[in-house]
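What follows is a single structure, written as structure tokens, with notes after it.
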Amino acid sequence: MSTLIGQLDVAGIDKAVLATIDCTTAHGAAVVPNEVLAKLVARSDRLVGLASVDPRNPSAPHQLEHAIENLGLKGLNLDPALQQFQVADEKTAFPVYEKANQLGISVTFQMGLNWAPLARLGDANPVSLERVATTFPDLRIVIAHCAWPYTMEALALAIKHPNIYLDTAILYSARPESSLAAVYANQYGLDVIEASLREKIVFASDYPRVDPKRVARAVRMLGLRPLTEKMIFGENAATLLNRKAAQ
């Protein structure tokens, strides 16, 4: 805990979001149970927790409600490739989204390249999220990692749908500085970010894989306007974590 807080201080970051993944059906366990995550983030007012549930478990909506209402977690984190479910499956996944929508929380989808050997890349293409976004227009959706290598698909979704967001944890190379520049500056274009994505990108580092100060430096190296940086580093995330914003 002290190591993480120290790294946040060095990076100039006030708060961090910690998340877990429930892979019970696919792999037999959750990475960290929601109850344990809730106890962890309760140790510091600088930490916020995102719950996870297993969409293939019929009790997932009830578990999500418990995690939000009773444990105090602030959102939902899902990894379709690792959890091995299809995001547009009406029977399996939609009841979870409906509950998230009722609770007024955002849903983060880990999309694109997944390093886990058992993760299914075919379940990580963000295009299928369009049906989710249109079926639940008030549900705020975050496409983690800009879904690399499906970055242009993620861009199109974020521009088209007001309830779809992106993050800065684009880490397919050894250096976040080169990864962010390749996607945001070269593929998307800084003018597109300033014009269409200023309110749609949230800061993320994929800690502990990468030190958050390196990702923070990579964002600053893009040369975005100060207001845009301010929104990426905090204001957009505050909107996503504000349950009243969706109610």
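Values quoted throughout were computed directly from the atomic coordinates according to the rules given, and no laboratory measurement underlies them. Model, not experiment: these values are computed from the prediction. Note: ideal-geometry Cβ built from the backbone for every residue, glycine included; neighbour counts use all protein chains shown.
If one computes P(r) from the Cα atoms of region 32-105, what percent of pairs lie at distances over 14 Å? Beyond 14 Å sits 57 percent of the P(r) for region 32-105.
With Rh defined as the Kirkwood radius, the inverse of the mean 1/r over Cα pairs, the Rg/Rh of the chain is 0.93. In order along region 233-242, phi translates into HN-Hα couplings of 6, x, 5, 5, 5, 4, 5, 5, 8, 8 Hz, rounded to whole numbers, per the Karplus curve 6.51 cos²θ - 1.76 cosθ + 1.60 with θ = phi - 60° and x for Gly and Pro. Sorting the Cα pairs of region 137-177 by distance into bins of 10 Å, from 0 upward, gives 32, 49, 17, 3 percent per bin.
Take every pair of alpha-carbon atoms less than 8 Å apart whose residues are at least six positions apart; their mean separation over the length of the chain yields a relative contact order of 15 percent. Evaluating kT/(6 pi eta Rh) at 4 °C and 1.567 mPa s, with the Kirkwood radius of region 112-247 over Cα pairs in the Stokes-Einstein relation, gives 86 µm² s⁻¹. The magnitude of the dipole of the chain, with charges of +1 and -1 set on the Cβ of Lys/Arg and Asp/Glu and taken from the Cα centre, is near 420 debye.
Residues within the reach of a label modelled at Ala195 (point 7 angstrom out along Cα to beta-carbon, backbone nitrogen below 16 Å), restricted to region 131-155, are 155. Each Lys and Arg contributes +1 and each Asp and Glu -1, all at the Cβ; summed about the Cα centre of region 31-117, the dipole is approximately 240 debye. All C-alpha pair distances within region 176-247, sorted into 5 Å bins from zero, spread as 3, 16, 25, 26, 17, 8, 4, 0 percent across the bins. Ordering Ser106, Thr135, Pro95 by Cα displacement along the dipole of region 82-144 toward the positive end leaves Ser106 in first place; charges were set at the Cβ atoms of Lys, Arg (+1) and Asp, Glu (-1).
DSSP beta bridges confined to the chain are antiparallel in about 10 percent of cases. Placing unit charges on the Cβ atoms only, positive for Lys and Arg and negative for Asp and Glu, gives region 100-247 a dipole magnitude near 280 debye about its Cα centre. For the residue pairs Lys39/Lys200; Lys91/Lys200; Lys15/Lys39; Lys39/Lys91; Lys15/Lys91, the C-alpha atoms sit more than 25 angstrom apart in Lys39/Lys200; Lys91/Lys200; Lys39/Lys91; Lys15/Lys91. On the basis of the beta-carbon distance and an R0 of 25 Å, Leu227 and Ile159 show a calculated FRET efficiency of 0.85.
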